[in-house]
Amino acid sequence: MAASSRAQVLRLYRALLRESQRFSAYNYRMYAIRRIRDAFRENKNIKDSEKIEELVNKAKANLEIIHRQV
């Protein structure tokens, strides 16, 4: 993975976690954080750039959803 792609993924990961912290309900907050961590751990060994781009776009869409719900 290119350094810029890695940095982009890390920024996205941090943004998702940061935004999830804003849920007022404890259960929603913990569920979102757990799902984010599990998804990133599950996909950490993917090398295919097309698959990475697809997952990044999906994560960006999920970030927008979290942002709207908070």
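Carbon-plus-sulfur accessible fraction, the chain (probe radius 1.4 Å, protein heavy atoms only): 49%. Charging the Cβ of each Asp and Glu at -1 and of each Lys and Arg at +1, and nothing else, the dipole of the range 13-52 about its Cα centre rounds to 200 debye. The label point for LYS58 and the one for ARG41, both projected 7 Å from the Cα toward the Cβ, are 1.8 nm apart.
Using θ = phi - 60° in the Karplus curve 6.51 cos²θ - 1.76 cosθ + 1.60, the 3J(HN,Hα) couplings for the range 44-55 round to 5, 9, 6, 10, 5, 5, 5, 5, 4, 4, 5, 5 Hz; x is entered for Gly and Pro.
Helix 26-42 and the longest principal axis of the Cα set of the chain meet at an angle near 10°. Ranked by solvent-accessible area (1.4 Å probe, protein heavy atoms only, all chains present), the residues GLU42, GLU64 order from largest to smallest as GLU42, GLU64. P(r) tail, the range 8-68: Cα-Cα pairs separated by more than 15 Å, 48% of all pairs. Pairs of Cα atoms nearer than 8 Å and 6+ residues apart set the relative contact order; for the chain it is 47 percent. Taking the centroid of alpha carbons for each part, the range 53-68 and the range 1-40 are 10 Å apart.
The values are calculated or read from the model by the stated rules, or taken from the named source; none is laboratory data. Everything quoted here is computed from the prediction, not taken from an experiment. Here the Cβ is made from the backbone with ideal geometry for all residues, glycine too, and neighbour counts use every protein chain on show. These area figures cover heavy atoms from the full protein model, side chains too; ligands, DNA and RNA do not enter into them. Shrake-Rupley method; radii C 1.70, N 1.55, O 1.52, S 1.80 Å.
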